[in-house]
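Report on the structure given below.
The values are calculated or read from the model by the stated rules, or taken from the named source; none is laboratory data. Because the structure is predicted, anything quoted here is derived from the model rather than measured. Ideal geometry is used to build each Cβ from the backbone, glycine not excepted, and the neighbour counts take in all protein chains shown.
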Amino acid sequence: MVSAPVRETTNTTTEQTAERRIVVAEELGYCWGVRRALDIIEESADPASRVAPIGDIIHNPQVVERLRTRGVEGAQSVVEAEGRGIRRVAITAHGMGPQLAQDAAAHGLELIDTTCPLVTKVQRLAQKLVRQGYYIVVYGDAWHPEVRGVLAWAATSKSVAAKKIVDLPWNAPRGSKEGASPPRKVALVSQTTKNIDELMAFAAELQAMVVPEGGEFRLCNTICEPTSERQSALKRLIERDKVDLILAIGGKKSSNTARLAEVGNKRGVTSYHIERPDEIADAWLADVRTVGLTAGASTPDDVIEEVVDHLTARGFSPPDGGIRPVDPDYVPAY
């Protein structure tokens, strides 16, 4: 008579523990380009000889704060950095236009370049497309430093940043008798951290405007592999792991983290973009059995682990095997 209730209690406890669990995306957190940028800036860090990235070296406030204690503190311009007595400036991982190097040279400042090579690839591609006679459309946020940098390297008035058709300087297809229509040759590139599904939908609309009357449209999918991998891994959390809630961890300025939360919400799973574990509301976890975790490409492992610890303290079992293994020698094919 004693054994029966003991078995029942044990089984119930096991089921409850298994039901409230954390599942981590197979691809999340730091990408190769971010690790490379941080390696470069950390090797350059010296409190006795400060360096100022023009902007945030990456879009993660915890990392920016840590670097500040080592003599790395951002500035908005070369003039501001020089005014603070700083003799070294850095291009962030997002890249910038050629003007920054010119400004640094004019003021006699050392320039450190941490631009992700995958962003440099888009910059060079934009230049090539301009030489080939294309009008350049950059699918992305006009305010983002990466997009501004690509447009600056393209160095042409025949270029625009857009996320919707209404953002374009045209409102009618080629051959239309009314409105403004696009030129004969239009090429589309993308900010590296955008959503592939949204890019393809935008491309289809743009192509329909360009191709009539002998128009030529070229799509260059420049969304980087790490971004695509993280979005695909997020979709597997939904389709395979059947998560009830998704937490996308990353700085509020992080475009690729914001896209992860958008992908989750558009696929019917409530998803939140959080920067720190204390942002997680109790109401979010009510009736949730499986929480899916993902993180943007500029989110360090310890920030992800803080979220895991926070959820574990609230009764969720931690992910098997931790967050994920890291191959420090990995280099993408670009």
Condition first: crowded, with 21+ Cβ neighbours inside 10 Å and within 22 Å of Val78 (Cα to Cα). Now tell me which residues in region 103-137 satisfy that.
Ala104, Thr114, Thr115, Cys116, Val119, Gln123
Of the residues in region 229-251, those that are over 25 Å from Asp287 (Cα atoms) and without any contact (Cβ under 8 Å) to a residue 40 or more places away in the chain come to Gln231
If a residue has to be in contact (Cβ under 8 Å) with a residue 12 or more places away in the chain and more than 25 Å from Glu229 (Cα to Cα) to count, how many in region 177-194 make the cut?
6
Out of all the residues in region 249-263, is one or more more than 28 Å from Ala37 (Cα to Cα), out of contact with any strand residue (DSSP E or B) (no Cβ under 6 Å at 6 or more places or on another chain) and part of a helix (DSSP H, G or I)?
no
Candidates Val78, Val72, Val89, Val63 - the one that is among the aliphatic types (A, V, I, L, M) and under 20 Å from the mean Cα position of the chain (by Cα):
Val63
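Quick one: would you say Pro226 is over 26 Å from Trp153 (Cβ atoms) and either in contact (Cβ under 8 Å) with a residue 24 or more places away in the chain or not assigned by TED's automatic domain parsing to the domain that holds Tyr272 (or both)?
It is false that Pro226 is over 26 Å from Trp153 (Cβ atoms) and either in contact (Cβ under 8 Å) with a residue 24 or more places away in the chain or not assigned by TED's automatic domain parsing to the domain that holds Tyr272 (or both).
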Does Thr115 satisfy the condition of being among the polar types (S, T, N, Q), closer than 20 Å to Ala52 by Cβ and part of a loop (DSSP other than H, G, I, E, B)?
yes
Residue in region 264-280 that is modelled with pLDDT under 95 and touching a Leu at 6+ places or on another chain (Cβ under 7 Å) present
no
Filtering region 182-224 down to residues that are in a loop (DSSP other than H, G, I, E, B) and of a type in the set (S, T, N, Q), which residue is farthest from Ser255 (Cα to Cα)?
Asn221
Here is a list: Arg36, Arg66. Which entry is assigned to a helix (DSSP H, G or I), of a type in the set (Lys, Arg) and closer than 26 Å to Ser228 by Cβ?
Arg36
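Tell me, please, whether a residue that is within 28 Å of Ser298 (Cα to Cα) and surrounded by fewer than 22 Cβ atoms within 10 Å (Cβ to Cβ) can be found in region 169-183.
There is no residue in region 169-183 that is within 28 Å of Ser298 (Cα to Cα) and surrounded by fewer than 22 Cβ atoms within 10 Å (Cβ to Cβ).
A quick yes/no check of all residues on (1) at pLDDT 95 or above; (2) over 19 Å from Arg267 (Cα atoms); (3) of a type outside the set (A, V, I, L, M, F, W, C); (4) not assigned by TED's automatic domain parsing to the domain that holds Gln123:
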site	(1), (2), (3), (4)
Val189	yes, yes, no, no
Thr193	no, no, yes, no
Asp197	no, no, yes, no
Ala201	yes, no, no, no
Ala204	yes, yes, no, no
Val210	yes, yes, no, no
Gly214	yes, yes, yes, no
Show the residue pairs meeting these rules: Cβ distance below 9 Å; 6+ apart or different chains; first residue within region 100-119 and at positive phi; second residue surrounded by 14 or more Cβ atoms within 10 Å (Cβ to Cβ).
Gly108/Glu82; Gly108/Arg87
Applying the selection to region 270-308, what residues are among the hydrophobic types (A, V, I, L, M, F, W, C), under 20 Å from the mean Cα position of the chain (by Cα) and outside any strand (DSSP E or B)?
Ala297, Val303, Ile304, Val307
